[in-house]
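Bear in mind these aren't lab numbers, they're just calculated from the coordinates by the rules spelled out. Everything numeric here is computed off the predicted structure, so don't read it as measured data. Don't worry about glycine lacking a Cβ; one is built from the backbone with ideal geometry, like all the others, and counts go over all protein chains shown.
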């Protein structure tokens, strides 16, 4: 992506002609640390701050009262002052995180499962798969639905947190009951439903920054698990603490 061409194009749309756009792009701005927008527009982070400054300049100095910049011919242009910021935020949310953080997040459930599984060679693999396979199923459904990375990561974290809490509850008993893990599996329809609802909201509301789909994913997967757990505890399983 050529960030310089992008900011030049957007500035020309806002100010109506190339001369005014170039003058604005090359003038240092206090909000940018006394640096010119064109100087910053070399990478994703720089284009974000340059776009933020451009949106403020466009709405404050070149609007027709409705929030739309006016071109040199006195007609509204199709540019929305926040569109470039939203695109930049989307790019930052998906590409700026280090790869090891992404991998660690997606495999958080596997790490919890490995910690809970018995370390005897004969029993480790089947227990590990029992704990983690439902997580993989939910995450694969989100991948098929083309969910964003923040939403998938949120689901992975919510599921791994649930596994850790469920394991702590089971093993806190003086005589842990292996049948309690049946209830663990019975709660995943709720997790899947919550994940699908999160994906629908992401699609309908165009949640492009990192925080929004991540929050939606955590919230709805956790809600699905909690509601499903409540139903299971009220019907087929006696849930006691202590």
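At a glance:
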quantity	calculated
Cβ-based exposure ranking for 175, 120, 135, in which fewest neighbours within 10 Å come first	175, 120, 135
Label point distance in nm, residue 168-residue 104, each placed 7 Å from Cα along Cα→Cβ	2.0
Simple spin-label estimate for residue 179 and residue 123 in nanometres, 7 Å along Cα-Cβ	1.8
In nm, spacing of pseudo-spin labels at residue 231 and residue 23 (7 Å Cα→C-beta vector)	6.5
Where the Cα pairs of the stretch 97-235 fall when distances are cut into 5 Å bins, in %	2, 11, 20, 23, 19, 13, 8, 4, 1, 0
